[in-house]
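**Q** Pasting a structure below so you can have a look.
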Amino acid sequence: MGDSAIYSILVVGALICAYRAMTSPRILSSTIYLACVSAAVAMMLYLLGAYQVAVIELSVGAGLVTVLLVYAISVVGDDASDPGPVIPRPVAVGLALLTAVMLGYMAYSLPSKALTGRVPPLIRALWEQRVLDVWIQMVLIFAGVLGILGLLAEGKTARAKAHEAAGNGHRTVKVIPPTACGCAPLDPRGAHGSANKEEVHV
Amino acid sequence: MAQSLILLSIGLPWLGAVATWLTRNEQERTQHVLAVGFSVAAGLASLALIPYAGSSVALRLPLGGLFGDMTFVADGLGVFLAAVATVVGSLAVIFSVSYMHGDPQLGRYYSLVLLFIGAMVGLVLTNSMLFLFFFWEITALCSYALISYYNDDPKAVSAGIEALVMTQIGGVGLLGGALVVYALFGSYEIDAFLQNAATLGPTPLAWMAFGFLIAAAAKSAQFPFQTWLPDAMEAPSPISALIHAATMVNAGVYLLARFYPAFAPVPGWKTAVVAVGVISALLTACMALFAPDLKRALAYSTVSQLGYMVYAIGVGGIAACSFHLFSHSIFKALLFLAAGAVIHAVGTRDMWKMGGLAKQMPIACTVFVLGALSLAGIPPVFNGFWSKELVLEAGLTGGPTWALVAMLVGAGLTACYTFRMVWMVFFGEARSHLHGHDATPAMRVSLGLLAIGTLTSWLAAGPFFHLLESTMPHHKLHALSLGGLTHEILAAPFTWIAVGVVGLGLLAWAGRDRLTFLTDGFGWLGVAASKSFGFERINEQVVAATQATANALRVTQPGHLSWNLVGIIGGLVAVLILLTWGA
Amino acid sequence: MTPLQIGLLGVIGLLGVGCYGLLITRNLIKVVIVLQILVKAVVLALVLAGQAGGQAGLGQSLAATVIVADTMVAVVGLALAVQVRRRVGSVDVSAISTLRG
């Protein structure tokens, strides 16, 4: 009973915070609500026994992402005006409901199993099985950092464009390559469609 | 040993493609050297593979699970086609050193050519139908990219797209057949399929047989898909020689030959194949007779000769078809390269502006005449004569008589248009003042080697047939030695009838001034032929319809993120609904 | 209601709210926030499924990978939003429809 109550409270809290995150007029409040959702989910993960994942979720979701969002908001500016949606609201509600209902239908046909209780930290042992995931994560992080550096490099593109405009000697594509024999350059691909004679010669 | 040679034959050209791609276009000489080096090495590797030919799986690369293993079998048909692809490929690359000299985007050109050569070798050596499709598609892609190589020219670009669309229609048939086999047999292996084809049941087998026929007809530019090949002559001449004469268009014929034992029992299939071959051969021979553009005439002649090969398959002469394939690759590549030398020198493709070039270009003239004599099928030393006679002999015993008569007429027409080409370009009065230099040294290497091949490749008939017979057990071929071949052909009275028809064709050209009554009477045929019997119109209409549909569909692209998200989530809902229904 | 069912309800609810939010919002940064909500639902689902199916370790390691991946998505998405702001002048979605057909 106590178990279920805690889970229910956490789930309801997460849903409310998610809804507020979505609909609040100021983006900064959305960010705070997102951090609350993250905290609720992390707590749920902890209760389920996935301690390491809970820690990662809390630190990354509620920490790193919040910091990033605040930085982005500071650069972009917190325009409080979020004009009405482009898509008619009933369509959006309908689609979201359909998704939820279909997923629910698919998930509830699964037999309801009991959870396997507290789980010892298998996560380390299983990194041997999922080593490929570790490599992929490293590549991902590297790519993300490169992407950030490239995207946030302001002014570099402007400088590069000025350099090209000054002309740096790229060859233009010539349609007629020079012939090797020193004769007057002729089009080696021949005349196109020039031979449409009216009478037919054999 | 066969394993590493197969890997080398496919891997070396692909390595070369990457290497030439990475070389900067300023270092032109390096690009030439790299391309020639890698293609010659690949040629040597596949020539070295010939003694190791066998009928069992030579190389197996496990890919696990869904796609089956990537298997390669080095049997006679595959090995000789691989040798043709790489050797003619390397000669075309050597020719390109001169022809494409000074081109600003040489890296793109060479990497595509080398990619193509590797894919072609993979196509003929593979034993898995899925990977046959995979290599098939790579060759189609390279062909499109090389036809539209001069991408500033809208004609070249539209010709490339036309080729791509037409061959893709066929590719769908091929994929469908492969999936049918996988669904019913559980594996993609070709030799297993050939062994157990009868267990597939008559209806799926018939679908597969005709699907593969369509795929092969589209790839080899047979009727009714014959329009893309003449339009593909916008490509540089070495490309026309390599892709559109010697290798890629052979893929369709190869497909039919490889799967012949499985499809032969299907009722109506062999007749359909014969009909496709005969119609293609005659239709395009007529069109070649009236074509004003040198490369176009050669393209029509390619389709016509491929029609002969398809006809040979239809009457059951797989060995004859393979032999003609071998000879044709050599002499057609020779003709295209020689034509390329002429076009490069005088700057036009229009035969009405040429004439009397024999004095200015003796080497090009000599090799072109050699190739032309082989194409026309003149005895006694030209490989075209022996292989064409073998095809006609096969038709004598295995096929319907109407088809044989039609092919005889086609042989006469072949001689006629071939002689016309030779005469209009090299002899007679110069129709305009053109200055031409003879073939450059790089061109001479390729031309010379191919000319020697034209004169001597028929001497390898004995080992060739023996190779085919011993490594292709499902096809039940009957090997001929060289002596047997010469005896059989020279002793058969039919051969002399055929030679007589060829002679008639030559005389008809020579005496054309006196035969004006014929040209007047058949004037309508000439007009129809120069409009390619209405097929170009059909093409244009199909392209216009496609573009109209595409323009009409532009309204579905609002470019707005929210609407795109509606599409994404809507798609997700659709998938979920499908999954629940299907479960 | 077992914890598994409550957890599943939570996952479905978060996914529904997330989909609705994606369709409603017009601000690029809010899009990133809503994507983060969706991913939290996925992480929860993975861990729940792993525990219910007996392969707890597998579920947890996949969840950790997904968290890393989605953080990278958020990072790159925010960088894109900043660049859009610089070039176009606003982060409203309607301002960047140059891919209109």
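**Q** Exactly one of these conditions fails for A:ILE73: (1) within 28 Å of A:ALA92 (Cβ to Cβ); (2) more than 9 Å from every other protein chain (Cβ to nearest Cβ); (3) buried (at least 18 other Cβ atoms within 10 Å of the Cβ). Give me its number.
**A** (2)
**Q** Got a sec? Which of B:LEU408, B:LEU392, B:LEU404, B:LEU396 is farther than 25 Å from B:GLY347 by Cα, free of Cβ contacts under 8 Å to residues at least 60 places away in the same chain and in a helix (DSSP H, G or I)?
**A** Just one listed residue meets the conditions, B:LEU404.
**Q** Then there is this: Looking at B:LEU337, B:LEU357, which one is touching a Leu at 6+ places or on another chain (Cβ under 7 Å) and crowded, with 23+ Cβ neighbours inside 10 Å? Outline the logic, then answer.
**A** Numbers: B:LEU357 fails: touching a Leu at 6+ places or on another chain (Cβ under 7 Å).
Testing whether each residue is touching a Leu at 6+ places or on another chain (Cβ under 7 Å) and crowded, with 23+ Cβ neighbours inside 10 Å leaves just B:LEU337.
**Q** Next up: Which numbered condition in (1) more than 14 Å from every other protein chain (Cβ to nearest Cβ); (2) part of a helix (DSSP H, G or I); (3) modelled with pLDDT of 80 or more is the only one that B:LEU66 fails?
**A** (3)
**Q** Restricting attention to segment B:328-355, report how many residues are more than 14 Å from every other protein chain (Cβ to nearest Cβ) and farther than 11 Å from B:ALA246 by Cβ.
**A** 1
**Q** Can you confirm whether B:TRP207 is surrounded by fewer than 21 Cβ atoms within 10 Å (Cβ to Cβ), farther than 17 Å from B:HIS328 by Cα and aromatic (Phe, Trp, Tyr)?
**A** Here the answer is yes, as B:TRP207 does meet what is asked.
**Q** Can you find, within segment A:1-34, the residue that is surrounded by the most Cβ atoms within 10 Å (Cβ to Cβ) among those that are within 7 Å of chain C (Cβ to nearest Cβ) and more than 20 Å from A:LEU58 (Cβ to Cβ)?
**A** A:ILE27
**Q** What are the residues in segment B:261-288 that are of a type outside the set (Lys, Arg), surrounded by fewer than 24 Cβ atoms within 10 Å (Cβ to Cβ) and assigned to a helix (DSSP H, G or I), if any?
**A** B:PRO261, B:ALA262, B:PHE263, B:TRP269, B:THR271, B:ALA272, B:ALA275, B:ILE279, B:LEU282, B:LEU283, B:CYS286
**Q** Right, another one. Assess whether A:VAL55 counts as being modelled with pLDDT of 85 or more, more than 7 Å from chain C (Cβ to nearest Cβ) and either part of a helix (DSSP H, G or I) or over 15 Å from C:TYR20 (Cα atoms) (or both). So that I can check it myself, show each step before the final result.
**A** Numbers: modelled with pLDDT of 85 or more: yes; more than 7 Å from chain C (Cβ to nearest Cβ): yes; either part of a helix (DSSP H, G or I) or over 15 Å from C:TYR20 (Cα atoms) (or both): yes.
For A:VAL55, the condition - modelled with pLDDT of 85 or more, more than 7 Å from chain C (Cβ to nearest Cβ) and either part of a helix (DSSP H, G or I) or over 15 Å from C:TYR20 (Cα atoms) (or both) - is met.
**Q** If you go through segment B:550-562 one residue at a time, how many are more than 7 Å from chain C (Cβ to nearest Cβ) and either within 12 Å of C:ARG26 (Cβ to Cβ) or not in a helix (DSSP H, G or I) (or both)?
**A** Matching residues across segment B:550-562 total 0.
**Q** Kindly indicate whether any position in segment B:2-25 is outside any helix (DSSP H, G or I), surrounded by fewer than 23 Cβ atoms within 10 Å (Cβ to Cβ) and not hydroxyl-bearing (Ser, Thr, Tyr).
**A** yes
**Q** Let me ask you something else. So B:THR247 passes all but one of these: (1) surrounded by fewer than 24 Cβ atoms within 10 Å (Cβ to Cβ); (2) more than 16 Å from B:ALA319 (Cα to Cα); (3) not aliphatic (A, V, I, L, M). Which condition number does it fail?
**A** (1)
**Q** Could you go through segment B:70-93 and let me know if any residue there is in contact (Cβ under 8 Å) with a residue 40 or more places away in the chain, assigned to a loop (DSSP other than H, G, I, E, B) and within 21 Å of B:PHE135 (Cα to Cα).
**A** Within segment B:70-93, one or more residues are in contact (Cβ under 8 Å) with a residue 40 or more places away in the chain, assigned to a loop (DSSP other than H, G, I, E, B) and within 21 Å of B:PHE135 (Cα to Cα).
**Q** Being among the polar types (S, T, N, Q) and outside any helix (DSSP H, G or I), is that true of even one residue in segment B:365-384?
**A** no
**Q** I need the full set of residues from segment B:86-116 which are closer than 14 Å to B:ALA145 by Cα, more than 12 Å from chain A (Cβ to nearest Cβ) and either of a type outside the set (Gly, Ala, Ser) or surrounded by fewer than 24 Cβ atoms within 10 Å (Cβ to Cβ) (or both), in order please.
**A** Narrowing segment B:86-116 to residues closer than 14 Å to B:ALA145 by Cα: B:105-116.
Filter once more, keeping what is more than 12 Å from chain A (Cβ to nearest Cβ): B:107, B:110-116.
Residues satisfying the conditions are B:GLY107, B:TYR110, B:LEU112, B:VAL113, B:LEU114, B:LEU115, B:PHE116.
**Q** Continuing with the same structure: Consider B:SER237 carefully, then state whether it is within 14 Å of another protein chain (Cβ to nearest Cβ), of a type in the set (Ser, Thr, Tyr) and surrounded by 24 or more Cβ atoms within 10 Å (Cβ to Cβ).
**A** It is true that B:SER237 is within 14 Å of another protein chain (Cβ to nearest Cβ), of a type in the set (Ser, Thr, Tyr) and surrounded by 24 or more Cβ atoms within 10 Å (Cβ to Cβ).
**Q** Given the criterion under 17 Å from the mean Cα position of the chain (by Cα), assigned to a helix (DSSP H, G or I) and within 14 Å of chain A (Cβ to nearest Cβ), identify the matching residue among B:ALA312, B:ALA299.
**A** B:ALA299
**Q** Can you tell me how many residues within segment B:423-443 are outside any loop (DSSP other than H, G, I, E, B) and crowded, with 19+ Cβ neighbours inside 10 Å?
**A** So the answer is 5.
**Q** Could you say which residue among B:LEU132, B:LEU179, B:LEU194 is crowded, with 20+ Cβ neighbours inside 10 Å and either free of Cβ contacts under 8 Å to residues at least 60 places away in the same chain or not basic (Lys, Arg) (or both)?
**A** Residue meeting the stated conditions: B:LEU132.
**Q** Based on this model, can you work out whether B:LEU450 counts as in a helix (DSSP H, G or I) and modelled with pLDDT of 85 or more?
**A** yes
The values are calculated or read from the model by the stated rules, or taken from the named source; none is laboratory data. Treat the numbers as computed from the prediction; the structure is a model and nothing was measured. Methodologically, a virtual Cβ is constructed for each residue, glycine included, from the backbone with ideal geometry; neighbour enumeration extends over all protein chains shown.
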